[in-house]
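Notes to accompany the following structure.
The values are calculated or read from the model by the stated rules, or taken from the named source; none is laboratory data. Computed from a prediction, not measured in an experiment: that's the story for all the values here. Glycine also receives a Cβ, built like all others from the backbone with ideal geometry; neighbour counts cover every protein chain displayed.
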Ligand SMILES: [Zn+2]
């Protein structure tokens with residue numbers, strides 16, 4: 001069984017700078033890590049030339065892989081629907097809206113293509129996996145990632161510790177790697193945010209994950225264990241349900257706040 005670690009980059013705040021120093025040390029120690037970001041995050045980093053150069057230097061290391069986290073991390077429907085800003089808008093491959101979940105195939109494809117091109121050009125590194133923002137995607141996302149962009153791995157931020165699996169029915173090459181929060185310490189495949197690294201380091205969770213022996217994300221295979229596969233058949237759809245539920249509860253809270261503001 002393999003273990004992986006993905007670190008997500010967002011803004012450049014003080015805690016991110018501390019996280020960057022920790023990341024630097026991991027890279028120097030040849031720890032395999034993947035870094036996930038979108039073009040919006042890339043632009044935030046470009047506003048801080050020193051940190052951006054540092055990031056580009058880290059990217060040159062062979063033990064670092066680049067994960068494409070969508071394009072700009074904003075739902076395409078937000079451009080035509082103002083109410084979408086009340087809902088959490090950070091998804092691109094499947095909408096969290098009740099009535100209209102689908103995001104047009106061409107829109108998905110164009111955004112995913114542009115995101116990959118821009119990240120690779122700026123960071124001078126090939127992206128090795130696709131990560132749908134907020135874990136929201138559909139089967140067409142997998143098709144584009146596999147058939148248009150040539151990805152063999154997709155990373156999905158999950159709640160349950162599911163094993164890596166091949167999505168059906170178009171799963172000839174793609175492996176989906178569900179990753180849970182490093183803080184939970186429940187899975188072999190984990191993610192954390194860069195600004196969260198100082199905390200997980202302090203709590204010993206980072207060392208614990210590293211001591212289990214990490215592998216590059218691009219080497220992860222579908223877990224061949226029968227014992228893992230059978231619970232996985234139940235856990236994967238259950239995880240999808242829980243994530244959908246979490247997104248709806250979060251959006252419902254935003255709507256309640258909005259209604260309160262309008263009424264009071
Ligand atoms: Zn949306």
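When residue 36 is tested against (1) assigned to a helix (DSSP H, G or I); (2) within 17 Å of residue 194 (Cα to Cα), only condition (1) is not met.
Of the residues making up segment 82-91, those that are part of a loop (DSSP other than H, G, I, E, B), more than 8 Å from the ligand (Cβ to nearest atom) and free of Cβ contacts under 8 Å to residues at least 60 places away in the same chain number 1. Selection over segment 98-127 of residues that are within 25 Å of residue 47 (Cα to Cα) and touching a residue at least 24 places away in the same chain (Cβ under 8 Å) gives a count of 15. Out of (1) surrounded by 19 or more Cβ atoms within 10 Å (Cβ to Cβ); (2) within 19 Å of residue 153 (Cβ to Cβ); (3) away from the ligand (no atom under 16 Å from the Cβ), the odd one out for residue 70 is which? The single condition residue 70 does not satisfy is (3). Every test in (1) within 18 Å of residue 7 (Cα to Cα); (2) in a helix (DSSP H, G or I); (3) within 16 Å of the ligand (Cβ to nearest atom) is passed by residue 77 save one, and that test is (1).
Taking each residue of segment 177-195 that is in contact (Cβ under 8 Å) with a residue 40 or more places away in the chain and looking for partners that are in a loop (DSSP other than H, G, I, E, B) with beta-carbon atoms closer than 6 Å, six or more apart or interchain, yields 177/164; 177/220; 178/158; 178/162; 188/1; 194/9. Could you tell me whether any residue of segment 119-135 is within 16 Å of the ligand (Cβ to nearest atom) and outside any helix (DSSP H, G or I)? Checked segment 119-135: at least one residue is within 16 Å of the ligand (Cβ to nearest atom) and outside any helix (DSSP H, G or I).
Just checking, which of 100, 106, 138 is more than 24 Å from residue 178 (Cβ to Cβ), away from the ligand (no atom under 12 Å from the Cβ) and either modelled with pLDDT of 95 or more or out of contact with any helix residue (DSSP H, G or I) (no Cβ under 6 Å at 6 or more places or on another chain) (or both)? Working first, answer last.
Details: 100 fails: away from the ligand (no atom under 12 Å from the Cβ); 138 fails: more than 24 Å from residue 178 (Cβ to Cβ).
Criteria check complete, one pass: 106.
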